[in-house]
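Asks: First the structure, which I've put down as structure tokens, then a few questions once you've had a look.
The values are calculated or read from the model by the stated rules, or taken from the named source; none is laboratory data. All values derive from a computational prediction rather than experimental measurement. Positions of Cβ are backbone-derived with ideal geometry, glycine not excepted, and every protein chain shown enters the neighbour counts.
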Amino acid sequence: MTLRFMIAFCLALLVLPAIPALAADTDARVAVPSRDIARGEIIADSDLVYGTAQASQMRAGTITSVAELSGMQARRYLRAGELVMATDVRKPIVVTKGETVTMTFDAPGISLTATGRALSEGGIGETVTVINPVSFRQVMATVIGPATVRADAAVPLNAKSVRTAQMQN
């Protein structure tokens, strides 16, 4: 029984490399930069081309389509022809830390607008923390445009934590 198994195993090792589909690694179509892209630069369709990569070289999070990369901002220097990971890009920042922003709050029958100071940065659709300079309340808000956020909920702070937040900025 063991001898038969050894012979079958040796034959399989000789035959498998002859089958191209099993021997060769499969290629995948991926979007790669057509030129070097600097950190912070917004990626356009013209900056991207399709290339191929061996499936074994691709890790989880590898971006494969131009649509996923177009309009994103590079978090690091991207080299031409190299695979791009989802962690290498982000939505463009339209609200920066310390920036004065317009906060809006809409409820049925009422619409409020106030100014605040962003305590974090974010792109459209991301959540940032904003402090109201009059009431010193922190508000979690969703970025809806450049220097514009939609308030979700207010979280009151005690005076000590407000002074600490002001000292850090």
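Asks: Restricting to the range 29-69, give me the number of residues that are of a type in the set (Val, Ile, Thr) and in contact with a Lys or Arg (Cβ under 8 Å, 6 or more places away or on another chain).
Replies: 2
Asks: OK, next. Do we have any residue at all in the range 66-85 that's part of a loop (DSSP other than H, G, I, E, B), at pLDDT 90 or above and aromatic (Phe, Trp, Tyr)?
Replies: Yes - at least one qualifying residue is present in the range 66-85.
Asks: Take the residues in the range 37-54 that are loosely packed, with under 12 Cβ neighbours inside 10 Å and in contact with a strand residue (DSSP E or B) (Cβ under 9 Å, 6 or more places away or on another chain); name whichever of them is farthest from Tyr77 (Cα to Cα).
Replies: Taking the candidates together, the pick is Gln54.
Asks: Also, quick follow-up: If I go through the range 32-45 residue by residue, how many of them are outside any strand (DSSP E or B) and over 12 Å from Ala67 (Cα atoms)?
Replies: Adding up the residues that qualify gives 7.
Asks: Collect the residues in the range 41-87 that are in contact (Cβ under 8 Å) with a residue 40 or more places away in the chain and either at negative phi or under 15 Å from the mean Cα position of the chain (by Cα) (or both), keeping them in residue-number order.
Replies: Ile42, Ile43, Gln73, Tyr77, Leu78, Arg79, Ala80, Glu82, Leu83, Val84 - these are the residues of the range 41-87 that are in contact (Cβ under 8 Å) with a residue 40 or more places away in the chain and either at negative phi or under 15 Å from the mean Cα position of the chain (by Cα) (or both).
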